[in-house]
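**Student:** Before I ask anything, here is the structure I am working with.
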Amino acid sequence: MNNDQLDDLKQFIAASVSQSEERLRSEMNQGFQAVRQEMVDGFRGVGEAIDLIHKHIDEQNKINVAADKRLTKLEQRIA
């Protein structure tokens, strides 16, 4: 094998490795984007659940306030 053939082989190997690295980098980026989107969707679901819990708590607090007022009125009538 002469020097020209050796240089050609080196260039071929370098190009092949570079293409493989680029393909792997692209596949990894796609995988990371998919995982990132799943996380965003999951956290959105958690946020919606927390909002719903807060709404239920607010509704229960309103019910409790109304019940307290009724009890206070009843206590005043008794006294």
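Rule-based calculations on the coordinates, nothing more; no lab input. Bear in mind the structure is a predicted one, so any value in this text is a computation, not a measurement.
**Student:** What's the Kirkwood radius of the chain in Å, using all Cα pairs?
**Tutor:** 19.2 Å
**Student:** Straight-line reach from LYS62: which aspartates and glutamates fall under 18 Å, measuring Cα to Cα and dropping same-chain residues less than 8 apart?
**Tutor:** ASP51
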